[in-house]
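Student: Structure provided below as structure tokens; questions to follow.
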Amino acid sequence: MGTAGLFSSILHNEISAYAAWMPVTNTFRLGDYGVISNGVLVKMGNIDEFGVSFAKADGKPSELKFRSDGTRVRRFVGGAEIQAMPQADIDAKLVVEFDAADSFYIDAHLNVKEIGNLAQVGAELRRRPGWRRKYRVVFATYTGRHCTILSSRSANSRVEISGKANALQQLELGHANAGVTVSDEDKVGLQIVGNTGVVGLRMFKLRAVGGTRILGPADGDEDLVQYEDADELDDDI
């Protein structure tokens, strides 16, 4: 499984969402549709092209804090290693070390936007000529604000993040800001520090006969839509 598939698996297990690939730098929005390739959504367009509108709603915010096994965080002030970053305006350094390849360090506070009239949207799409049942549709987006996402390309990789101690303290709480910078890295893959953008997606597709299939665990009105657990997304192409 590649980095995208691994990241998607983490999001599914932690927050019941799938990866918006690439995280943060993508342009996904509610109503986007497409097919699955290599386990992630490849955008083809938006359902507004079919004349289908929808109501927007705020979902429940969530927090994503994940460390792969063998991931260590070390903190330094003035060349000395410390246990916790102080709330102080002094130069400091945070070092994240990965023992294994394809490991992740994730800190993100997530705002959720979703389609509020999902059953109505599904019924409208079913009536639209040209709509294909295999299309997946984004009905919820998870946006990480000032988040940190790091991954390793190989074993024994590391990344150093420099800044003031109080800013690095906020990074560990999921609120990285412009006051921190990646000062050194070795064999690191994903390197997102302090950026804001869409991290995860929830999607649905039309069932063969009536109803809407939500990919992932049920958490809504089951009288309106039918849910079906999906640990992995099967490729369409």
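Throughout, read-outs are computed from the coordinates displayed, never taken from laboratory work. Keep in mind it's a predicted model, so treat the numbers as computed, not measured. Virtual Cβ from ideal backbone geometry, glycine too; neighbours counted across all protein chains shown.
Student: Expressed in nm², what is the orientationally averaged projection area of the convex hull enclosing the Cα positions of the chain?
Tutor: Values: hull surface 53.3 nm².
The directionally averaged projection comes out at 13.3 nm².
Student: A further question on this structure: At a 10 Å Cβ-Cβ cut-off, how would you order Lys187, Lys56, fewest neighbours first? Write down the numbers at each step before the final one.
Tutor: Working: Lys187 14, Lys56 11.
Going from least to most buried by this count: Lys56, Lys187.
Student: Need the full-extension length gain, Glu185 to Thr27, defined as separation in residues times 0.36 nm minus the C-alpha distance. One decimal, nm. Walk me through the numbers on the way to the answer.
Tutor: Working: separation 158, 0.36 × 158 = 56.88 nm, distance 2.70 nm.
Contour length minus Cα-Cα distance gives 54.2 nm.
Student: If r is the Cβ-Cβ distance from Ala155 to Asn13 and R0 is 22 Å, what FRET efficiency results, to the nearest 0.05? Show your work: numbers first, answer last.
Tutor: Working: r = 23 Å, r/R0 = 1.03.
It comes out at approximately 0.45.
Student: Exposure proxy check: Trp21, Trp131 ranked by fewest other beta carbons within 10 Å? Spell out each step's value before the answer.
Tutor: Details: Trp21 23, Trp131 16.
In increasing order of surrounding Cβ atoms, one gets Trp131, Trp21.
Student: What pairs from Lys60/Lys164; Lys65/Lys164; Lys60/Lys93; Lys65/Lys205; Lys113/Lys187 go past 24 Å between their alpha carbons?
Tutor: Working: Lys60/Lys164 32 Å; Lys65/Lys164 22 Å; Lys60/Lys93 33 Å; Lys65/Lys205 29 Å; Lys113/Lys187 34 Å.
Distance filter (> 24 Å) returns Lys60/Lys164; Lys60/Lys93; Lys65/Lys205; Lys113/Lys187.
Student: Sticking with this one: Over all directions, how big on average is the projection of the convex hull of the alpha-carbon atoms in the stretch 1-71, in square nanometres?
Tutor: Numbers: hull surface 24.4 nm².
The number I arrive at for the stretch 1-71 is 6.1 nm².
Student: Would you list Phe28, Phe7, Phe139 from fewest to most Cβ contacts within 10 Å?
Tutor: Numbers: Phe28 20, Phe7 29, Phe139 26.
Ascending number of Cβ neighbours within 10 Å: Phe28, Phe139, Phe7.
Student: If you wrap a convex hull around the Cα atoms of the stretch 167-209, how much volume per residue is inside, in Å³? Present the calculation step by step, with values, prior to reporting the outcome.
Tutor: On the way: hull volume 4.6 nm³, N = 43.
So the per-residue hull volume is 107 Å³.
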